[in-house]
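K.L.:
Let me begin by handing over the structure; questions about it come next.
The values are calculated or read from the model by the stated rules, or taken from the named source; none is laboratory data. All values derive from a computational prediction rather than experimental measurement. Cβ atoms come from the backbone with ideal geometry, glycine included; neighbour counts cover every protein chain shown.
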């Protein structure tokens, strides 16, 4: 009776996680046995990889749960991550004592085993947690799901407000998975703090742009309308990194053979070599970013737009706009109450939005070009961008364009670090670009299909096939 009530609530309020939980169940080799504790409640014995351990107290699981939550209450923080559901006594206690009593408190429960989850919902009623928007469950060993769950709740919090708690023996039972989750959290929070700062600085502008774009948002299709619409067909994501100057001319060969998705900064460089992209991705709210498209003539390209985009951009593409929502409160409100356009994970940069779109539409392979995430050749972007033309206007007769790039890099105020590029050479980059690169590498590893980095430079190395663009065209198009 309780189990069915729980399953119904879980399926109704989080259908995607319900599907993933069932899929994970097939490959879950965990063995579980319910035992009666001295208190009359239940404990759980788990066998995992030849390890046999008790997850809950054999004396009094509910008292154990109270002690666990008291430790949580001693820590300051609004965002609580718990590794391990067990039979859920401690999670129910945390919900009652923290989530229901503390304003803005959020809870994510990460349970690696679908079988443990199913045992828990036989014993305890979690339906009120499944129905609460401040609580998220990640069931199974899908770290991509964990990243999404954190993104759903991580909107306006700094990372020092996030506290992680391990329940009892979970790290001993699932050491590799817990280590992966640790890395996932670290990367998400690194990108999240960058996004948090952006939200704080531009929130008024974002609200104004959304209101001005509302008519376009309502009448235009959303990314949800294109789910799996390009399945098993090649897509090329073009960014404006300095390596685009090396191989961008080869993109002419791909017109009509692959979907060319360009970030807005790459549009002018592409047009200068006679390539009109199929889709232009625009996310930023500022006029300065609109300058990358100002004066541009695009006859056929569609635009993939965030709701906060500078209002002149939707007007440029009237009738050819596709909108998406992202992890921002007003954007979520639009998604839930006005227009379900579908969510794209931003990851902090326009290129990461383009990537998430490419995989949502089912593209395979996904090829990246101009995605340096670094200052290859001491340049910070390709020629022919708006930035580059601005440099030329201000360049003295004695000046050298490369020096102008170096000066902009140094004067940006961003932290500069050194990294190894795909050839093993040392190259400079911003720390935030390195964070975006790690996001991309992680997401490539979590994505089904062939991920190709045809940038021919930069620092994107993990979970991708690095090859020349010419080889990518010959072998995969």
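K.L.:
Determine whether region 19-36 contains at least one residue that is more than 27 Å from the chain's Cα centre (by Cα), under 17 Å from residue 119 (Cβ atoms), without any contact (Cβ under 8 Å) to a residue 40 or more places away in the chain and part of a helix (DSSP H, G or I).
P.N.:
Looking through region 19-36, none of the residues is more than 27 Å from the chain's Cα centre (by Cα), under 17 Å from residue 119 (Cβ atoms), without any contact (Cβ under 8 Å) to a residue 40 or more places away in the chain and part of a helix (DSSP H, G or I).
K.L.:
Okay, moving on. Quick one: residue 67 ticks every box in (1) closer than 20 Å to residue 41 by Cβ; (2) in contact with a strand residue (DSSP E or B) (Cβ under 8 Å, 6 or more places away or on another chain); (3) surrounded by fewer than 14 Cβ atoms within 10 Å (Cβ to Cβ) except a single one, so which number is it?
P.N.:
Exception for residue 67: condition (2).
K.L.:
OK, next. Regarding region 48-56, can at least one residue be identified that is part of a strand (DSSP E or B) and either at positive phi or crowded, with 20+ Cβ neighbours inside 10 Å (or both)?
P.N.:
So far as region 48-56 goes, yes, one or more of its residues are part of a strand (DSSP E or B) and either at positive phi or crowded, with 20+ Cβ neighbours inside 10 Å (or both).
K.L.:
Any residue that is surrounded by 19 or more Cβ atoms within 10 Å (Cβ to Cβ) and either touching a strand residue (DSSP E or B) at 6+ places or on another chain (Cβ under 6 Å) or more than 17 Å from residue 136 (Cα to Cα) (or both) - is there at least one of those in region 7-14?
P.N.:
There is no residue in region 7-14 that is surrounded by 19 or more Cβ atoms within 10 Å (Cβ to Cβ) and either touching a strand residue (DSSP E or B) at 6+ places or on another chain (Cβ under 6 Å) or more than 17 Å from residue 136 (Cα to Cα) (or both).
K.L.:
Just need a number here: residues in region 449-477 that are free of Cβ contacts under 8 Å to residues at least 24 places away in the same chain, more than 25 Å from residue 228 (Cα to Cα) and in a helix (DSSP H, G or I).
P.N.:
Residues meeting the conditions: 1.
K.L.:
May I ask you to verify whether residue 98 is at pLDDT 85 or above, more than 19 Å from the chain's Cα centre (by Cα), surrounded by fewer than 22 Cβ atoms within 10 Å (Cβ to Cβ) and not in a strand (DSSP E or B)?
P.N.:
yes
K.L.:
If you scan region 115-147, which residues turn out to be touching a strand residue (DSSP E or B) at 6+ places or on another chain (Cβ under 7 Å) and over 21 Å from residue 164 (Cα atoms)?
P.N.:
115, 119, 123
K.L.:
When the residues of region 419-437 are narrowed to those that are touching a helix residue (DSSP H, G or I) at 6+ places or on another chain (Cβ under 8 Å) and in a helix (DSSP H, G or I), which ends up modelled with the highest pLDDT?
P.N.:
436
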